[in-house]
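These notes are about the structure you will find just below.
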Amino acid sequence: MFSLIRVIFNRSNNQSGSVEPKIGAADILYFSEALKDLTRKQDCVARVGVNECVILVRARARNVEVLISRLLHSHKLTVENTLEISCATVEFALGEKALAILNRLDAMSLSTR
């Protein structure tokens, strides 16, 4: 049993125009290090876009929900609350091809803090 978690991080727009809308190299490095600290060693984290990661988790749905909650509520993933985190997840279906599970993941609604 395994699940995929899609994590997207964007600049927060809740500060009165003082935050630049682009994701910077420092944001990516900080986010990557914090994400590594929040996941288990057996989880596989891959960056698939400028502001998008996918985590391969070998766990049941309940454990995945706990991890997502931890990610969404962690202040470690953002530098001074300048990033907004969104997540979605899908569980592997027996016999499912890799492209099919990735397509399902892309179609899922993202949850935010």
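Nothing in this text is a laboratory measurement; each read-out follows from the coordinates by a stated rule. Quick caveat: nothing in here was measured; it's all calculated off a predicted structure. Cβ placement follows ideal geometry from the backbone for every residue including glycine, while neighbour counts extend to all protein chains displayed.
Assorted remarks:
- 0 to 90° range, to nearest 10: angle between helix 98-107 axis and the chain longest Cα axis: 50
- Cα→Cβ-extended label distance, 7 Å offset, between K41 and V66, nm: 1.9
- The chain: angle of helix 61-73 to the longest principal axis, Cα-based, in degrees nearest 10: 0
- Shape class for the chain, computed from the alpha carbon gyration tensor (a ≥ b ≥ c): prolate, with a/c not under 1.5 and a/b above b/c.
- Straight-line cross-link reach from K22 at under 18 Å between alpha-carbon atoms covers these aspartates and glutamates, not counting any fewer than eight positions away in the same chain: E52, E80, E84.
- Projecting label points 7 angstrom from Cα along Cα→Cβ for E96 and H75 puts them 3.5 nm apart.
- Once the Cα atoms are used to define both axes, helix 25-38 deviates from the longest principal axis of the chain by about 50 degrees.
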